[in-house]
Amino acid sequence: MFVPTVFLRKNKRDVSFITQQVLEQLKMGDFTSREIESNTSIAKKDVIFALQMLLENDIIQLNANNAYTLTK
């Protein structure tokens with residue numbers, strides 16, 4: 001069954017799961033959004049949404065090479 005991405009964003013459990021997957025990826029090093037997308041099974045829109053949430057909450061930051069890294 002096809003579930004639209006917009007619906008997934010409304011479900012806090014799914015957002016939490018996606019955000020956790022992104023954080024687990026970033027624990028291994030610095031990655032661009034495209035690298036995170038290709039290394040996980042997360043849709044592009046969901047990766048961007050999770051990264052935006054993490055940036056807004058100062059959990060991650062964007063470095064000079066346009067890669068995301070965990071805030072120290």
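The values are calculated or read from the model by the stated rules, or taken from the named source; none is laboratory data. What you see is a predicted model; the values in this text were computed from it and never measured. Positions of Cβ are backbone-derived with ideal geometry, glycine not excepted, and every protein chain shown enters the neighbour counts. Protein only, heavy atoms only, side chains kept; ligands, DNA and RNA dropped before computing areas. Shrake-Rupley method; radii C 1.70, N 1.55, O 1.52, S 1.80 Å.
Scan segment 58-72 residue by residue and report those that are in a loop (DSSP other than H, G, I, E, B) and in contact with a strand residue (DSSP E or B) (Cβ under 8 Å, 6 or more places away or on another chain). I'd like the intermediate steps shown before the answer.
Of segment 58-72, the ones in a loop (DSSP other than H, G, I, E, B) are 58-59, 63-67, 71-72.
Hits for segment 58-72 are 59, 63, 67, 71.
Contact annotation: residue pairs with Cβ atoms under 8 Å, 6 or more positions apart or on different chains, pairing a residue in segment 13-42 that is without any contact (Cβ under 8 Å) to a residue 40 or more places away in the chain with a partner that is basic (Lys, Arg), are 15/9; 33/44; 37/44. Looking across segment 22-40, the residues that are within 17 Å of residue 55 (Cα to Cα) and exposed (fewer than 13 other Cβ atoms within 10 Å of the Cβ) come down to 24, 27, 29, 34. Pick from segment 14-40 the residues that are assigned to a helix (DSSP H, G or I) and of a type in the set (S, T, N, Q): which of them is nearest to residue 57 (Cα to Cα)? Ranking the qualifying residues of segment 14-40, first place goes to 19.
Across segment 41-57, what is the total count of residues that are assigned to a helix (DSSP H, G or I) and open to solvent by 80 Å² or more (accessible area, probe 1.4 Å)? Let's see the steps before the verdict.
Step one: filter segment 41-57 for residues assigned to a helix (DSSP H, G or I), giving 44-56.
Still in the list and also open to solvent by 80 Å² or more (accessible area, probe 1.4 Å): 44-45, 52, 56.
Qualifying residue count for the region: 4.
Residue pairs whose Cβ atoms lie under 8 Å apart, sitting 6 or more positions apart in sequence or on different chains, and linking a residue in segment 49-67 that is without any contact (Cβ under 8 Å) to a residue 12 or more places away in the chain to a partner that is in a helix (DSSP H, G or I) and open to solvent by less than 100 Å² (accessible area, probe 1.4 Å), are 61/55; 62/55.
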